[in-house]
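**Student:** Dropping a structure here in structure tokens format, bear with me for questions.
The values are calculated or read from the model by the stated rules, or taken from the named source; none is laboratory data. Quick caveat, the model's predicted, so the values are computed rather than measured. Cβ coordinates were reconstructed from backbone atoms using ideal geometry, including for glycine residues, and neighbour counts include every protein chain displayed. Heads up: the accessible areas ignore ligands, DNA and RNA and are worked out on the full protein's heavy atoms, side chains in. Shrake-Rupley method; radii C 1.70, N 1.55, O 1.52, S 1.80 Å.
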Amino acid sequence: MARNGKVAVIGAGFYGSTTAQRLAEYDIFDEVVLTDIIEGRPEGLALDMNQSRPIEGFETKVTGATTGRSGEGYEVIAGSDIVIMTAGLPRKPGMSRMDLIETNAKIVRQVAENVAKHAPNAVVIVVSNPLDEMTALAQLATAFPKNRVLGQAGMLDTARFTNSVAEKLGVPVAAVTTLTLGSHGDTMVPVPSKCTVEVDGKRQPLTDLLSAEDIEALVERTRNGGAEVVALLKTGSAFYAPAAAAARMAKAVIEDSGAVMPVCAWVEGEYGIDGVYLGVVAELGREGVRKVVETDLTDTELAALKEAAEAVRAKQADVQNL
């Protein structure tokens, strides 16, 4: 199998380490780098992952490195084609993503400045919360072209929507197609008009299978998907599904596949919205976002997307000075 490229994962918590493992097990990269400020943690995790290679049958090398708050150790990410930023504090029960904004803004800015210094040609995938705001901040701090900085949210939120629909109807997840746009927060916009389910070999609109009340309940569960996990875990936030989403985005970038998926991307005129990072569908490749792919929305869905854009725009303006 041909392997190429280098991907760095910043932050070796549950999210970062799980993302690194998924990326390594794809066996499509030459190297996966995992960093953290906790001394020895990334090195230990990397050693553990490397020792799993004979069992799982992959050759991608995992490198762990401790970094310092003043930028020590970041030279290990030099030459990275992709950098995934997971660094930051997770939510605790009762917290919103926005409660993390000031603390995580300082962390994301420091990481982004070191990424710009050591991996100036990388595509940056941001997963730190609050997602939309941290994506905007990462772009400002790196000064990278906006197409090379994107956020992971839509893949995760869409997966949560799909899983909930599948469970409700008792069908395989592969039979369900859903879509989630907007922010990764209160102004998230699940798009029921684009949701279909294959039943007995025939694809049907979700609206033909469930009542408006049932669909609204699924939409609300999707919006609160992260909080539901946090409340159950009590000591952390989701990482298995988020890591799968981030890894899948990185795979699309390194393979220059042109895969179309929902992500947080810079919007310039699409849907009548301009100048903001927002959850939309985009085509991904080696340059990051190739283009935003517009989809037909109902008037209600479009209005909700525009409302989300304005809410996010206000918060993204706030992070510029954090």
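**Student:** May I ask you to list the residues in region 189-209 that are buried (at least 18 other Cβ atoms within 10 Å of the Cβ), part of a helix (DSSP H, G or I) and not aliphatic (A, V, I, L, M)?
**Tutor:** Filtering region 189-209 for residues buried (at least 18 other Cβ atoms within 10 Å of the Cβ) gives 189-192, 194-197, 206.
If we keep only those that are part of a helix (DSSP H, G or I) as well, we get 192, 194, 206.
Within region 189-209, 192, 194 meet the criteria.
**Student:** Looking at residue 185 and the list (1) open to solvent by less than 10 Å² (accessible area, probe 1.4 Å); (2) farther than 22 Å from residue 251 by Cα, which single condition is not satisfied?
**Tutor:** Tallying (1) open to solvent by less than 10 Å² (accessible area, probe 1.4 Å); (2) farther than 22 Å from residue 251 by Cα, residue 185 fails exactly one: (1).
**Student:** Next question, about the same structure. If residue 274 satisfies every condition in (1) within 22 Å of residue 122 (Cβ to Cβ); (2) touching an Asp or Glu at 6+ places or on another chain (Cβ under 7 Å); (3) acidic (Asp, Glu) but one, which is the exception?
**Tutor:** Every condition holds for residue 274 apart from (1).
**Student:** A follow-up question, please. May I ask you to list pairs of residues, at least six apart or on different chains, whose Cβ atoms are under 8 Å apart, with the first in region 210-235 being touching a residue at least 12 places away in the same chain (Cβ under 8 Å) and of a type in the set (D, E, K, R) and the second being open to solvent by less than 20 Å² (accessible area, probe 1.4 Å) and assigned to a helix (DSSP H, G or I)?
**Tutor:** Close Cβ pairs (under 8 Å, with a partner that is open to solvent by less than 20 Å² (accessible area, probe 1.4 Å) and assigned to a helix (DSSP H, G or I)) amount to 221/164.
**Student:** Taking region 156-178 as the search range and keeping residues that are touching a helix residue (DSSP H, G or I) at 6+ places or on another chain (Cβ under 7 Å) and buried (at least 23 other Cβ atoms within 10 Å of the Cβ), which one is nearest to residue 210 (Cα to Cα)?
**Tutor:** Ranking the qualifying residues of region 156-178, first place goes to 165.
**Student:** Looking only at region 8-40, which residues are closer than 18 Å to residue 70 by Cα and open to solvent by 50 Å² or more (accessible area, probe 1.4 Å)?
**Tutor:** 37, 38, 39
**Student:** Please find, within region 133-152, the residue that is nearest to residue 292 (Cα to Cα) out of those that are outside any loop (DSSP other than H, G, I, E, B) and under 11 Å from the mean Cα position of the chain (by Cα). Before the answer, list the steps.
**Tutor:** Filtering region 133-152 down to residues outside any loop (DSSP other than H, G, I, E, B) leaves 133-142, 146-151.
If we keep only those that are under 11 Å from the mean Cα position of the chain (by Cα) too, we end up with 135, 150-151.
Numbers: 135: 16, 150: 12, 151: 13 Å.
Across region 133-152, the extreme among qualifying residues is 150.
**Student:** For region 271-294, enumerate the residues that are over 19 Å from residue 152 (Cβ atoms) and buried (at least 17 other Cβ atoms within 10 Å of the Cβ).
**Tutor:** Of region 271-294, the ones over 19 Å from residue 152 (Cβ atoms) are 271-275, 294.
271, 273 - these are the residues of region 271-294 that are over 19 Å from residue 152 (Cβ atoms) and buried (at least 17 other Cβ atoms within 10 Å of the Cβ).
Yes or no, residue by residue, for (1) over 26 Å from residue 6 (Cβ atoms); (2) part of a helix (DSSP H, G or I); (3) among the charged types (D, E, K, R):
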{"residue": "222", "(1), (2), (3)": "yes, yes, no"}
{"residue": "230", "(1), (2), (3)": "yes, yes, no"}
{"residue": "261", "(1), (2), (3)": "no, no, no"}
{"residue": "280", "(1), (2), (3)": "yes, no, no"}
{"residue": "300", "(1), (2), (3)": "yes, yes, no"}
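**Student:** Give the residue, chosen from 212, 244, 217, 231, that is open to solvent by less than 50 Å² (accessible area, probe 1.4 Å) and not polar (S, T, N, Q). Give the steps one after another, and end with the answer.
**Tutor:** Working: 212 fails: open to solvent by less than 50 Å² (accessible area, probe 1.4 Å); 217 fails: open to solvent by less than 50 Å² (accessible area, probe 1.4 Å); 231 fails: open to solvent by less than 50 Å² (accessible area, probe 1.4 Å).
Just a single option satisfies the conditions, and that option is 244.
**Student:** Within region 248-255, is there a residue that is within 26 Å of residue 192 (Cβ to Cβ) and open to solvent by 20 Å² or more (accessible area, probe 1.4 Å)?
**Tutor:** Within region 248-255, one or more residues are within 26 Å of residue 192 (Cβ to Cβ) and open to solvent by 20 Å² or more (accessible area, probe 1.4 Å).
**Student:** OK, next. All but one of (1) loosely packed, with under 15 Cβ neighbours inside 10 Å; (2) part of a helix (DSSP H, G or I); (3) touching an Asp or Glu at 6+ places or on another chain (Cβ under 9 Å) hold for residue 314; which doesn't?
**Tutor:** Looking at each condition in turn, residue 314 falls short on (3).
**Student:** Which residues, counting only those in region 1-51, are in contact (Cβ under 8 Å) with a residue 60 or more places away in the chain and touching a strand residue (DSSP E or B) at 6+ places or on another chain (Cβ under 7 Å)?
**Tutor:** 6, 7, 8, 9, 10, 11, 16, 19, 23, 29 - these are the residues of region 1-51 that are in contact (Cβ under 8 Å) with a residue 60 or more places away in the chain and touching a strand residue (DSSP E or B) at 6+ places or on another chain (Cβ under 7 Å).
**Student:** So, one more: Which of the residues spanning region 232-256 are in contact with a strand residue (DSSP E or B) (Cβ under 7 Å, 6 or more places away or on another chain) and in a loop (DSSP other than H, G, I, E, B)? Spell out how you get there, then give the answer.
**Tutor:** Initial filter on region 232-256 (in contact with a strand residue (DSSP E or B) (Cβ under 7 Å, 6 or more places away or on another chain)): 246, 249-250, 252-254, 256.
Listed by number, the list holds a single entry, 256.
**Student:** In a helix (DSSP H, G or I), closer than 21 Å to residue 87 by Cβ and either open to solvent by less than 30 Å² (accessible area, probe 1.4 Å) or free of Cβ contacts under 8 Å to residues at least 40 places away in the same chain (or both), is that true of residue 308? I'd like the intermediate steps shown before the answer.
**Tutor:** Numbers: in a helix (DSSP H, G or I): yes; closer than 21 Å to residue 87 by Cβ: no; either open to solvent by less than 30 Å² (accessible area, probe 1.4 Å) or free of Cβ contacts under 8 Å to residues at least 40 places away in the same chain (or both): yes.
For residue 308, the condition - in a helix (DSSP H, G or I), closer than 21 Å to residue 87 by Cβ and either open to solvent by less than 30 Å² (accessible area, probe 1.4 Å) or free of Cβ contacts under 8 Å to residues at least 40 places away in the same chain (or both) - is not met.
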